[in-house]
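For reference, the structure discussed in these notes is given below.
Each value in this text was obtained by applying a stated rule to the coordinates, not by laboratory testing. If you're wondering where the values come from, they're calculated on a predicted model, not measured in any experiment. Please note: Cβ atoms are built from the backbone with ideal geometry, for glycine as well, and neighbour counts cover all protein chains shown.
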Amino acid sequence: QVQLVESGGGLVQAGGSLRLSCAASKSITSSYVMGWFRQSPGKPRELVATSGRNTNYGDSVKGRFTISRDNAQNTVYLQMNSLKPEDTAVYYCYAQRVAPLYTYWGQGTQVTVSS
């Protein structure tokens with residue numbers, strides 16, 4: 001069982017930056033895909049970024065957000081720059097084991113961007 005704990009969310013003004021962290025409770029090998037989704041009220045969960053064999057970003061965050069991971073520290077990060085009010089959401093970290101397939105989720109961290 002893997003537990004994921006997010007931190008770093010909060011309130012920031014538009015144009016500002018935040019860095020989210022997601023720490024895993026046990027060793028996460030590089031074979032796991034890790035990343036972030038987000039969800040706003042009344043909207044479906046949206047892909048933000050993934051880090052596995054490749055790095056992928058949702059169209060709405062490309063060029064502004066950067067995902068990175070430290071496998072030695074079992075941690076994945078999300079650097080968010082040039083934040084916009086529409087980035088306001090609960091951000092969820094995940095870690096996906098490929099074989100057998102299983103996805104672990106964090107509890108979420110709130111990011112609020114004021115205009």
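Worth a mention:
- Label-point separation, Ser17 to Arg64 (7 Å along Cα→Cβ), nm: 1.5 nm
- Lys, Arg +1 and Asp, Glu -1 on Cβ, resulting dipole of the chain about Cα centre, debye, nearest 20: 160 debye
- Separation in nanometres of the label points that stand 7 Å from Cα toward Cβ, at Leu101 and Ser31: 1.7 nm
- Cβ-placed point charges (K, R +1; D, E -1), dipole of segment 1-68 about Cα centre in debye, nearest 20: 60 debye
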